[in-house]
Each structure stands twice: as C-alpha cells, then as structure tokens.
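Report on the following structure.
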Amino acid sequence: MLERHSVERLKKTIPGDRLAVIEEFSPSEGTYIDRDAIRATKVGVKNYDLKKKEVKIEVLQKTRKMAMVGDSVIGQVEATQSNTANVRIYYINDKRSLGGFTGMLLLKSDNHHRRDRKKSIMLKSGDIIRARVTSYTNAIIHLSIDENENGVIYTTCSSCGGLIRRLNQVVECVDCGFVEDRKLAADFGRAHLK
C-alpha cells in the first residue's frame, strides 16, 4: 500500500539541507551525519524509506521527459471542479518525473441524467491516481481514467482522514465507517511507487 507521504517526499534539496535526525532515520546514499542531524551532500530529491528507516538523496535528472499521448502517469489531484480535475504529475510510465507537469482530467458521470441518484464522486483533491494521456492540445496534457487499470490508487476518508479499504466499487473508512464512491484502479490499495 502507498505511504501517505509518497508524493510529499518529492521535495528538492541542496547540499547541507537538514533531512532528519539520527534518532528517526539512518543515513544512506547522498547524505552525511552532522552531530545529531542527517544532511544532504548533493542536489536532488529527498526520499524517505519508512520500512528501512533510511533517508537518501536521488540525483535530479538533467532532462525532463514530457508525457506523450498513450503514456501512463501517476499524480495527485490538486483541485476538482464540476467536470474537471487538475492533476500534478509525479510519474510517467513508472519513472519519476521532476518536470512539474500538470494534466487536466475530464470527469464524466454515467448517472448525471438520473434525478433519483446523487452524482457519484469519481475522485477528490488529494487522491493519488493513475491515468492515461489522451492528447496534448493547446499546451495542456489531457488525461483519462476510463480504462480498468486507471483511477484512484490511494485515498483517505473525506470525513475523518482515516485509512480506506475497498468494498467492490466503493471505499469504506476503517476508522469511522464512512462510505464513498470512487473510480478505483484495478490495483487500488496494492499499488507501489518506486
């Protein structure tokens, strides 16, 4: 399952930046110990491994790969409106992207014509999703989550912020029991970011 900080760990750092204290993490590649602190030795991206309790620096790539039509991307929903969502792209074809790209996802509702049902929530701000690039028009990356493998791969409860489990095509909060609709990816709850 994805850690809550998976996207937050993509913050850039420069040599000398304090990354952690030695009581919490062990130093790894691109770090050194300075008294009780772990600091960066090079320009890169902080990466915390919670299982191994290690922190390391991944070197920034000089080239910025652009998402192309047909590529699979993973990103975090930054904002949603009635029929669109802005997605900050962090992975392109399972490789980390530091380009700072944003995509636009068109949200569809298959039950918008029914008045007896409320509109289902496909995704919300903060969700981590997998999507397919469908076009690049007017300098905008257009995304789709229509395919079975695409959709929300990690989310938290809208009511209390607790952990979520899948119940068929809806999600239920483990803590408070709140049930919500989501357009879930086939591997929801099992996806891993590298």
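Readers should treat all values here as calculations from the given coordinates under stated rules, not as data from a laboratory. It should be emphasised that the depicted structure is a prediction, and the values quoted were computed from it without experimental measurement. All Cβ positions, glycine included, derive from the backbone under ideal geometry; neighbour counts span all protein chains shown.
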My understanding is that a pair violates if its Cα-Cα distance is over 21 Å; which of 56/95; 46/95; 53/95; 12/183; 124/183 do that in this structure? 53/95; 12/183
From the Cα centre of region 139-157 to that of region 166-192, the distance in Å is 14 Å
Under a point-charge model restricted to the Cβ atoms of Lys and Arg (+1) and Asp and Glu (-1), what is the dipole moment magnitude of region 72-181 relative to its Cα centre, in debye to the nearest 20? 160 debye
Points 7 angstrom from Cα along the Cβ direction at residue 176 and residue 139: gap in nanometres? 4.1 nm
Column: log10 I(q)/I(0), Debye, Cα scatterers of region 12-59, q = 0.16, 0.29 Å⁻¹: -0.32, -1.04
